[in-house]
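Only one structure is covered here, and it is reproduced in the block below.
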Amino acid sequence: MTDMSAIQSQTDVNSSGEDFSASVMSIEIGPAHPAMHGIVRFTTHLDGELIVGMDPEIGYLHRGFEKESENSKWIQIIPYTDRLNYVSPLLNNIGFSMAVEKLYGIEAPRRAEFTRVIMGEISRITDHLTCLGAVAMEIGAFTFFLWFIKAREYLWELVEEMTGARLTTNWTRFGGNANDLPDGFLSDLADRLVKLKDVMSECDKLLTRNKIFIDRVKDVGSFSKEDALSFGFTGPLLRACGIPYDVRRADPYSVYDELDFEIPVGSVGDCFDRFLVRMEEIRQSILIIEQAADKMPEGPFMTDERMMHYPDKKDVYGNIEGLIDHFKLVMEGHQPPAGEIYMPVEGGNGEMGFYLVSDGGGDPVRVRMRPPCFNLVAAMPAMTVGHYVADIVPIFGSVNMIGGELDR
């Protein structure tokens, strides 16, 4: 690396106050770039092809999730959560609904909880399949990408069968779910998991021990435990550094404490460790789904608490109490008790938390979401300086930035 302090020429000052000599190029990478995923821009400062500085700009998606939520009824926010991490929307639905249930001080029926675990883990798998397939494609492993997207399709068809949509699911409700398991769903699920395992086996042979792939990602973007904690990492990137933090174990919710699964960890926190951690998390999610399906209890999929869900149409049209409840829920909305709570769940990228404030009315006073990939993108300069321009692609791919989640 050029000794920057020894150069007494014209300088360019970046946003962090560092001086770069005139021999250092400042080049914009993104947003109009296949590896920048739509909205992100990196101002890179290059000495040749060596990265000596970087300024990340998260872009201007302008979704305004939090303020839109604060101007909506509680139940109207669930469709907005679909658009956060839109690769695993069910995890967003589940996280927000559990946060509101925490405000109410109620729990969903056990059948609903086991169903949530199954659908949430399906969503986690599709998230990891998309991330790993995309990063493999971006560094040339196109066949791997096609096979993983094929596997994702198996699962998205299940999501569509359950929710009626592949991406905009809007599935959970406060105190339960919008619907119960469709007829034959668990049998279909078992068949799809067999196909998924076959794809995982094929792709493991294809890439995990491929020398070209390993040379491309090994020791690239390495991050220490201490740095990961200082940046607030959670999820696969933190676990790749060797820290086994997973909200499902650290702060168990739903019925995860009744299920047996391992938390995979890496050692050096490089792109290869992140790849291996996500691959193993897919296998662990399959185990979780199989256990939840085996233990699926009978019973209701929605709480019987009054004013938590819309009454059946026969009650709306058949008795005055049902009509009044329906009218009040439509016009006034849900009214959780006054208070504030924080509810963390394990999203595809790490700890996804919802901070809610209620004054007892039909609209929330404050909605705040902790987006796990925000901290990861903030660490891009620390992960890339000292590497080459081409290394930005696997490093950023391993971060798995999702614009709807990242947007502030």
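Of the residues 406, 167, the one with the fewest other Cβ atoms within 10 Å heads the list, and the complete ranking is 167, 406.
By other beta-carbon atoms within 10 Å, ranking 107, 281 with the fewest at the front produces 107, 281. Potential lengthening of the chain between residue 257 and residue 185 amounts to 23.5 nm, from the contour at 0.36 nm per residue minus the alpha-carbon distance. Taking amide H as placed 1.01 Å from N in the peptide plane, residue 54 has its amide H under 5 Å from the amide H of 45, each at least 5 places away in sequence or on another chain.
The residues 115, 43, when put in order of fewest to most other Cβ atoms within 10 Å, stand as 43, 115. Based on C-alpha pairs under 8 angstrom that are at least 6 apart in sequence, the chain has a relative contact order of 24 percent. Its DSSP H runs of at least 4 residues, each contributing -39,500 (n - 2.57), put the calculated 222 nm mean residue ellipticity of the chain at -14000 deg cm²/dmol, to the nearest 500. 3J(HN,Hα) along the stretch 240-246: 5, 7, x, 9, x, 8, 9 Hz, from the Karplus curve 6.51 cos²θ - 1.76 cosθ + 1.60 with θ = phi - 60°, whole Hz, x for Gly and Pro. Would you mind counting up the charge near residue 223? Only other residues with Cβ under 10 Å from its Cβ, with Lys and Arg at +1 and Asp and Glu at -1. Within the 10 Å Cβ shell, the charges total -2.
With the largest listed first and rounded to whole Å, the semi-axes of the equivalent ellipsoid of the stretch 338-389 from the Cα gyration tensor are 35, 10, 7.
Taking a Cβ cut-off of under 14 Å around residue 276, the surrounding Lys, Arg, Asp and Glu residues balance to a net charge of -1, with basic ones at +1 and acidic ones at -1. GNM remark for the chain: springs join alpha carbons under 10 Å apart, and the peak mean-square fluctuation among 358, 187, 88 falls on 187. Near residue 244, once Lys and Arg are set to +1 and Asp and Glu to -1 for all other residues with Cβ below 14 Å from its Cβ, the sum equals -4. The alpha carbon centroids of the stretch 117-161 and the stretch 23-83 are separated by 22 Å. Cross-chain or 8 or more residues apart, Cα under 27 Å: how many lysine pairs in the chain fit that? Count them up, please. Going through the chain pair by pair, I get 24.
Over the chain, consider all pairs of different Cα atoms and compute the Kirkwood hydrodynamic radius from their mean reciprocal separation; express it in Å, one decimal. Don't jump to the answer; show the numbers that get you there.
Values: mean 1/r = 0.0442 Å⁻¹.
Hydrodynamic radius (Kirkwood, Cα pairs) of the chain is 22.6 Å.
Largest GNM mean-square fluctuation across 137, 307, 383, computed for the chain with C-alpha springs under 10 Å, falls on 307.
None of the figures in this text is laboratory data; all of them are computed from the coordinates on show. Every value quoted in this text rests on a predicted model; they were computed, and no experiment measured them. Here the Cβ is made from the backbone with ideal geometry for all residues, glycine too, and neighbour counts use every protein chain on show.
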